[in-house]
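Enquirer: Below: one structure in structure tokens.
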Amino acid sequence: MSPDDPFDDAETARAVIAADGTLTQWNEGARLLLGHRAEEVVGRPAAELLAEEEPTPRPPVGARWSGTLTLRHRDGTTVTAWILAHRRDPDGEGPGDWLAVSPLKPPDDEQTDDPLVRAAVSQSPCATMVFDEHLRLRGVNDAMAELLGLPAEYLRGLRPTDVGGRHQHTELEQNLRHVLRTGRRHDMETFMKATGETRAHAWLARMAPLTDQAGRVRGVCVTAHDFTGQYRARERLQLVNEASIRIGTTLDVTRTAQELAEVCVPALADFVSVDLLEPQEPGSDPVSPLNPPVVLRRVAHHSVIPGSPESVADTGEVVVYPAAAPQADSLIAGHSIIASVSTGDLDPWLQADEVRAAQIERFGVHSMLSVPLQARGTTLGVAAFTRYRRPEAFTHDDVLLAEEVSARAAVCIDNARRYSRERETTLTLQRSLLPRRLPSTAAVEAASRYLPAARSGVGGDWFDVIPLSGMRVAMVVGDVVGHGITASATMGRLRTAVRTLADIDLAPEELLTHLDDLVLHLSQESGDGSPGEIGATCLYAVYDPVSRRCTLARAGHPPPVVIPPDGPARQLDLPTGPPLGLGGLPFESTEIDLPEGTVLAFYTDGLLESRTRDVEAGHTLLCEALAHAPSGPLDETCDRVLHTLLQPGGTADDVALLVARTHGLPSSQVATWDIPADPALVAPIRKQVLDQLGVWALTDASFTAELVVSELVTNAIRYGAPPIRLRLIHDGSTLICEVSDTNHTAPHLRRAKTWDEGGRGLLLVAQLTQRWGSRHTAEGKTIWAELGVLEEQ
């Protein structure tokens, strides 16, 4: 016989009976008891072994049955035996068969003289049982027999798996074998309801080896200790510790409430719901004081049953609690309230709410605990804990535990609520500082996207498209270091500064130099006066649709990606330039030719850092996403880029994306004249301008254009330096007059006095045109003026 196979033990009769009453196993001990060999009885009904005069026993109820039966021996005689039968795998996951055992040795008085039993009884003050080296019970004391619910005199010779079929009995047998093998003490903890108990308890089984005089292990003494109090205290401490880790992982109100519900199920309740009060105005605190009926919104719930079928409200729905509801009572009273079905506490509420009453009856809810969620003197809502699977009602210790966890969650919810309010304020500020819509220009068509950071708050990313003189357009993208209102405010100041500097037509490298000085001044104002308190990066580009050339300069910003109409996407190689705010370092610009239909993609570094921290891999993904940009809508291109490069659930940093497709102005819409520095030639120039306006079908604008051209050309001849050039640009709705010379002195608008003979020309130009201005060039300056015109039909 193998010591690890209890079924082959001949010291105890064992038989296995299937659910239909058929014998499926029969051991040697059963043959010794009744004389039948296994092949004679296996497959036959077990009832055939009962004596004729023995009434057929009722089917066993529950997981165990014990009693005395008169059985039929193989030789025709009868045998009276005490039988213990228990269902193997009582949780219902197994085949549902029964193990029947009977000790072969009848109880006698010799067991009281057994030295092992005498030693165990004398050394153990609590429920005790003793096993020999073959894991057979040699005896139990009265306390253990009471827990097992079996007579002590009939247990001799049984093994742990004979007494019961739970997994704890199998685990006990394994641990006993370990003690016999190692000779060392071993403790086993379990939570179960003993046969002699009305409710489950936590048990500590302490196993100690019993040795003879020679030191050999001859058996094991097992003592059982009820440590439910310590077990519950440890569970409560573990729940509080788990709540401190799991609740408040994000600054999201809904997620924090859901974490509260998930932490408490099933450790504290079978179902938990979290309902929050709604503020009267967005961003304000919830209304106080409260009066019934109380209106709340279901934010989260969780159940031991998937899908939370016992809930009468879905998340996001409004729930109204009358005065009789525990949730309303606890909110108004300001403290926790326990309500149970057995005491009738819920009757007034359930009588007025048939749907909820039906749910409580359906699931067998017997106890509810409502805990108000309060933080910093503000009542936020209520958490309701419900029990129906756990038979015990809520205790005072449960209330203290629920209040501790709920208080921790309430602070996290309040933090999330305040953060959401501040984030919404910052996001509103951020969006108000960004362009609401991009301007429509003849030089480029553009699309943009801005996404705030999901966790660290709104940052200082920005973009802009700025129309310039001469049909040109400036495109800018930048990133202020940091997050929050300060970063947004700094971004707004920088964007305003860029627009101001762009309006005076500075070259990209000069504009970045002025912007660098501004950031230095801002750093001195906000910090201790040292550089670097405020940091930012910027990329500035100017595109001319007439020459189809683009000039770019960057200050520590990622270079753009260019996608030609007939080639693959590639990253532009631009001089790096230092970030803004360091001071004293120069910036360089690069000029490139862009065929019509070329797409430029400007972005901030948050776009590449979202899905992968490998910058090269990010650039590869970006180029793949932009591959079809020249031929498709730019809005779809932006969406495809974000979908490809950003992870679901938001980004760790702000993302700004600006995509622009270039257009070229046909040579037929541009007219240029080189003008000799002779005032007598102004009249022929006016005639040529009128002829060109006739070609463009803009004769309605001839009078105004003639006056503007005459004034600008005359001023250039009188005050400028040759060579002088006149250029007219027409895009269908605007006529631009430009006069360039090599004198760097720019004219200034002033109001002429009564006796002045001149000085009224620029004032006349300003009154007749939509806008006018001057810009410096490498060769000198250009005076320009824009007129709104309509082509003749």
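Enquirer: Output the number of residues of region 226-270 satisfying the condition of being assigned to a helix (DSSP H, G or I) and either under 30 Å from Met144 (Cα atoms) or touching a Phe, Trp or Tyr at 6+ places or on another chain (Cβ under 6 Å) (or both).
Expert: Within region 226-270, residues that are assigned to a helix (DSSP H, G or I) and either under 30 Å from Met144 (Cα atoms) or touching a Phe, Trp or Tyr at 6+ places or on another chain (Cβ under 6 Å) (or both) number 9.
Enquirer: Next question. Of all residues being of a type in the set (S, T, N, Q) and assigned to a loop (DSSP other than H, G, I, E, B) in region 159-205, which is nearest to the chain's Cα centre (by Cα)? Just the residue, please.
Expert: Thr198
Enquirer: I'm told Glu392 meets every condition in (1) surrounded by 15 or more Cβ atoms within 10 Å (Cβ to Cβ); (2) closer than 26 Å to Leu237 by Cβ except one. Can you identify the failing condition by its number?
Expert: Of everything listed in (1) surrounded by 15 or more Cβ atoms within 10 Å (Cβ to Cβ); (2) closer than 26 Å to Leu237 by Cβ, Glu392 misses just condition (1).
Enquirer: Any chance region 279-291 includes a residue that's surrounded by 19 or more Cβ atoms within 10 Å (Cβ to Cβ), in the same structural domain as Asn241 (by TED's automatic domain parsing) and in a strand (DSSP E or B)?
Expert: The answer is no; no qualifying residue exists.
Enquirer: Same structure again: Filter region 695-745 for residues that are over 60 Å from the mean Cα position of the chain (by Cα), of a type in the set (D, E, K, R) and not in a helix (DSSP H, G or I) and give the result.
Expert: Within region 695-745, Arg725, Asp741 meet the criteria.
Enquirer: Name the residue, out of Leu380, Leu331, Leu369, that is closer than 25 Å to Pro309 by Cβ and surrounded by 15 or more Cβ atoms within 10 Å (Cβ to Cβ).
Expert: On the way: Leu380 fails: closer than 25 Å to Pro309 by Cβ; Leu331 fails: closer than 25 Å to Pro309 by Cβ.
Of Leu380, Leu331, Leu369, the one residue that is closer than 25 Å to Pro309 by Cβ and surrounded by 15 or more Cβ atoms within 10 Å (Cβ to Cβ) is Leu369.
Enquirer: Examine region 428-435 for a residue that is β-branched (Val, Ile, Thr) and either at positive phi or surrounded by fewer than 18 Cβ atoms within 10 Å (Cβ to Cβ) (or both), and state whether such a residue exists.
Expert: yes
Enquirer: Identify, please: which residue in region 73-125 is modelled with pLDDT under 85 and among the small types (Gly, Ala, Ser) and is, among those, farthest from the chain's Cα centre (by Cα)?
Expert: Among residues in region 73-125 that are modelled with pLDDT under 85 and among the small types (Gly, Ala, Ser), the one farthest from the chain's Cα centre (by Cα) is Gly76.
Enquirer: Counting only residues that are small (Gly, Ala, Ser), in contact with a strand residue (DSSP E or B) (Cβ under 7 Å, 6 or more places away or on another chain) and modelled with pLDDT of 90 or more, which one in region 475-530 is farthest from Asp544 (Cα to Cα)?
Expert: Per the criteria, the residue is Gly478.
Enquirer: Looking at Val163 and the list (1) buried (at least 20 other Cβ atoms within 10 Å of the Cβ); (2) in contact with a strand residue (DSSP E or B) (Cβ under 7 Å, 6 or more places away or on another chain), which single condition is not satisfied?
Expert: (2)
Enquirer: Taking the options Asp544, Asp566, name whichever one is crowded, with 17+ Cβ neighbours inside 10 Å, acidic (Asp, Glu) and more than 21 Å from Pro452 (Cβ to Cβ). Steps first, please.
Expert: Working: Asp566 fails: crowded, with 17+ Cβ neighbours inside 10 Å.
None of the others qualify; the one that does is Asp544.
Enquirer: Being under 18 Å from Arg177 (Cα atoms) and part of a strand (DSSP E or B) is the filter here, so list the residues in region 134-158 that pass it.
Expert: The answer is Leu137, Arg138, Gly139.
Enquirer: Tally up the residues in region 25-37 that are loosely packed, with under 15 Cβ neighbours inside 10 Å and either touching a Pro at 6+ places or on another chain (Cβ under 9 Å) or within 16 Å of Val101 (Cα to Cα) (or both), please.
Expert: Of the residues in region 25-37, 1 are loosely packed, with under 15 Cβ neighbours inside 10 Å and either touching a Pro at 6+ places or on another chain (Cβ under 9 Å) or within 16 Å of Val101 (Cα to Cα) (or both).
The values are calculated or read from the model by the stated rules, or taken from the named source; none is laboratory data. None of the values given here were measured: they were computed from a predicted structure. Note that we place each Cβ from the backbone using ideal geometry, even for glycine, and neighbour counts take in every protein chain shown.
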